[in-house]
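Rule-based calculations on the coordinates, nothing more; no lab input. Computed from a predicted structure; not experimentally measured. Quick reminder, even Gly has a Cβ in these numbers, built from the backbone with ideal geometry, and neighbours come from all protein chains shown.
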Amino acid sequence: MSNSLFFIVILSDIIAVGVGIFAGKYIFQRSFDAKEKEAQERAAEILRNAEVAAENIKKDRILEAKEKYLRLKTEFEEDANKKRSILQGNEQKLKQREQTLNQSLEQTKRKENELDTLKNNLSQQLETATKRREEAEKSLQQQVAQLEKIANLTAEQAREQLVDALKAEAETRAGSYIKSAMEEARLTATKEAKKIVIETIQRTAAEHAIENCVSVFNIENDDIKGKIIGREGRNIRALEAATGVEIIVDDTPEAIVISGFDPVRREIARLSLHRLVQDGRIHPARIEEVVAKTRKNIEDEIVEIGERTVIDMGIHGLHPELVKMIGRMRFRSSYGQNLLQHSREVAKLCATMAAELGLNTKLAKRAGLLHDIGKVWPEESDLPHAILGMELAKKYKENPEVCNAIGAHHDEIEMTSILSPIIQVCDAISGSRPGARREMMESYIQRLRDLENLALSFDGVEKCYAIQAGRELRVIIDADNVSDEKAGLLSFDISQKIEKEMQYPGQIKITVIREMRSVAYAR
């Protein structure tokens, strides 16, 4: 009984488990079928959406292609119409030119016919003129022969006497006219000109500096010279290669000489030496580093000097490159005169003189400051500095009057503005002041000798003396052979020859002295 019950319980459990398994399988199958159906529906929906999107994209691409096609077609038609109109215009021009050429050919033929007619007429007239000239020459020869018989002179002798008489009269009249014209001009112009120039010079005060081609670097003791030279001279070679100057280390106590034509390079070398000596580390790598930093500082200083100068002078609107070149003037000299100080002085003189004459002072000051800008152009050029400065001013859009004043201040080009002679005069005033510029003794003496020899080359000059540092020429003439009228003419001729053949700053006064002495003895 108990076994049967146990078997029944086990059987019921088995049946319950089987029913559970079957129910679970059935539920799982239902759930799987539902999800599969849902997935199929979603896939179908995504497919439909993709087909719709693809269709829309296809339509958009077709529309874009049509629009692009229409646009390209329109552009092509417009371009074709333009080319067609150009071709038609060219055809019309060719037809017009052809008509013009035909007309020109017809006119040329008519002119050839006219020329042939004129040639024939001229030939006839020439024959007639030749016959008349022969007849006139025969008649003239007969008349000359009769005059020679009457005057007992040949025609050549009479001509020479007449030429000599006319030449003497012309020289006398020319001398008188020149003398009177110069006296009249001197009376009317000298007073006012002196007033303007003197007031301009007196109202302008500028510092003066004299620059050499050598700079001296002072050191505390001679032991530093060995460090600067370095082992086998490597330090000094590196310094010369980096700066582009020549370093001279000689027996001069506590000094090193820096030699070079470029003042900017000398200044870079001097400052670099100062920094190296202060630092104590002197070797090729350190030298290159210090020189590079010093060069950068000098470039910044040049720009600062240019900007400060422009602000001090009250000049506005200059191109940055011109401002930089103005700063470079600080390190340049002309005949020993510092170029920046010279340009500042010329600018002030020009402004004062322009104000006295009622002209534009700002424009005059601008031209005066820039007149020597061609001297500081860093690149090599075959042009004179005045022409180079004018080209630079044109390049940086300066006023045409300023450009002409820069180019004409040494007479390289024609002056087209009243501002140009003012710049030339003020440049001469600044450069010709005693002490402003330095000349070599040999060239100075040679210039005085050339001046005296030039005056001695004239007939009637006995002695000649160049005085006032070559600014006055005293000419003593022979009173027996040169009259008072010829003396005035002689001074004018000497001045003209000096202007043509010599180069000199400022002006030279020519004084001709004619001394007449009458001596008698009472016995």
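Name the trypsin sites (Lys or Arg not before Pro) in the range 342-400 that are in a loop by DSSP and that have at most 12 other C-beta atoms within 10 Å, would you?
397
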Calculate the dipole size of the range 269-361 relative to its Cα centre from +1 charges on Lys and Arg beta carbons and -1 charges on Asp and Glu beta carbons; express the result in debye to the nearest 20. 360 debye
Leading residue at positive end of dipole, the range 272-339 (Cβ point charges), from 331, 278, 315: 278
Tell me the net charge near residue 100. Cut-off is 13 Å between Cβ atoms, residue 100 excluded, with +1 for each Lys or Arg and -1 for each Asp or Glu. +1
Run the dipole for the range 242-308 about the Cα centre, Lys and Arg Cβ at +1, Asp and Glu Cβ at -1, nothing else charged, and hand back the magnitude in debye, nearest 20. 200 debye
Within the set 395/500; 365/394; 225/296; 296/324, which residue pairs have Cα atoms separated by over 23 Å? 395/500; 225/296
Can you give the charge dipole size of the range 216-373 about its Cα centre, rounded to the nearest 20 debye, using +1 on the beta carbon of Lys and Arg and -1 on the beta carbon of Asp and Glu? 460 debye
What whole-number value in cubic angstrom gives the convex hull volume per residue for the C-alpha atoms of the range 6-149? 236 Å³
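Give me the number: length gained by fully extending residue 42 to residue 254, i.e. 0.36 nm times residue separation minus the C-alpha to C-alpha distance, one decimal in nm.
In short, 66.2 nm is gained.
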